[in-house]
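> Let me give you the structure first, and then I'll get to my questions.
The values are calculated or read from the model by the stated rules, or taken from the named source; none is laboratory data. Here the structure is a predicted model, which is why all the values come from computation and not from measurement. Positions of Cβ are generated from backbone atoms using ideal geometry, with glycine treated the same way; all protein chains shown enter the neighbour counts.
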Amino acid sequence: MNAPANNLSSNLRKTESGFTLIELMVTIAVLAIIVGIAAPNISTQLANQRVKSTAATLENALSEAKAESVIRRQAQAVSYTNGTTDAGTITIGSLKTYRYDAKSTINGVTGSITFNPSKIASVAATYKVCDSNTNATARQVSVSKLAVISNQAGGTCP
């Protein structure tokens, strides 16, 4: 039978409590290896999330401009400016400005695209959304001449 803990000598109780220095060092080494493996995947996931967010912001701005052109019965132009150190901007005429992460870039139509009240876009255009992390998956936001807007993964970044 097991002896109660009160009967154990004080020396025996002291040696069985806590962790040894070697056990702690092995645990820290294993954690460092796991973090080293996971860190590149985490940064790529963050970059992919930035690209998705910027593409969604662009898609929303284009959709809003299309709707506003019909509601206000006047053409609405959408333009973008990539930021270098600050956030980039997407502008709908004088109505609204959206901001997106400076690490994301939008490539596509130079100048602006205009939505007319007749629900027609001035040009058919494809925008590529990229990230400063080259491992991120690019996204494409397309606008047809009939102002149909789509957002999908794909494309290559420079």
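> Residues Arg139, Arg99: which one is exposed (fewer than 15 other Cβ atoms within 10 Å of the Cβ) and either in contact with a Leu (Cβ under 8 Å, 6 or more places away or on another chain) or within 19 Å of Val51 (Cα to Cα) (or both)?
Values: Arg139 fails: exposed (fewer than 15 other Cβ atoms within 10 Å of the Cβ).
Within the list Arg139, Arg99, the selection yields Arg99.
> Next question, about the same structure. I'd like the full set of residues that are of a type in the set (D, E, K, R) and under 15 Å from the mean Cα position of the chain (by Cα), limited to region 137-158. Don't jump to the end; show me each part of the working.
Step one: filter region 137-158 for residues of a type in the set (D, E, K, R), giving 139, 145.
Answer for region 137-158, where residues must be of a type in the set (D, E, K, R) and under 15 Å from the mean Cα position of the chain (by Cα): just Arg139.
> Looking only at region 59-88, count how many residues are touching a Phe, Trp or Tyr at 6+ places or on another chain (Cβ under 7 Å) and closer than 23 Å to Ala47 by Cα. Please lay out each step first, then the result.
We begin by selecting, within region 59-88, every residue touching a Phe, Trp or Tyr at 6+ places or on another chain (Cβ under 7 Å); these are 61, 65-66, 69, 75-76, 87-88.
Now restrict to residues that are closer than 23 Å to Ala47 by Cα: 61, 87-88.
Counting residues in region 59-88 that are touching a Phe, Trp or Tyr at 6+ places or on another chain (Cβ under 7 Å) and closer than 23 Å to Ala47 by Cα gives 3.
> Hey, any hits in region 96-105 for a residue that's out of contact with any Pro (no Cβ under 9 Å at 6 or more places or on another chain), modelled with pLDDT of 90 or more, of a type in the set (Gly, Ala, Ser) and not in a loop (DSSP other than H, G, I, E, B)?
yes
> On the given criteria, is Thr57 in a helix (DSSP H, G or I) and either of a type in the set (A, V, I, L, M, F, W, C) or touching a residue at least 12 places away in the same chain (Cβ under 8 Å) (or both)? Explain how you work it out, then say what you get.
Working: in a helix (DSSP H, G or I): yes; either of a type in the set (A, V, I, L, M, F, W, C) or touching a residue at least 12 places away in the same chain (Cβ under 8 Å) (or both): yes.
Here the answer is yes, as Thr57 does meet what is asked.
> Looking at region 20-45, which of the residues that are surrounded by 10 or more Cβ atoms within 10 Å (Cβ to Cβ) and under 23 Å from Asp131 (Cα atoms) is modelled with the highest pLDDT?
Within region 20-45, the match that is modelled with the highest pLDDT is Gln45.
> From the residues in region 113-148 that are assigned to a strand (DSSP E or B) and among the small types (Gly, Ala, Ser), which one is nearest to Arg73 (Cα to Cα)? Show your work before the answer.
Restricting attention to region 113-148, the residues satisfying the condition of being assigned to a strand (DSSP E or B) are 113-115, 121, 125-131, 139-143.
Still in the running and among the small types (Gly, Ala, Ser): 121, 125, 142.
Numbers: Ala121: 14, Ala125: 22, Ser142: 23 Å.
Applying the filter and picking the extreme gives Ala121.
> Looking at Val109, Val78, can you tell me which residue is among the β-branched types (Val, Ile, Thr), free of Cβ contacts under 8 Å to residues at least 60 places away in the same chain and not in a strand (DSSP E or B)? Before you say what the answer is, go through the steps one by one.
Working: Val78 fails: not in a strand (DSSP E or B).
Going through Val109, Val78 in turn, just one is among the β-branched types (Val, Ile, Thr), free of Cβ contacts under 8 Å to residues at least 60 places away in the same chain and not in a strand (DSSP E or B): Val109.
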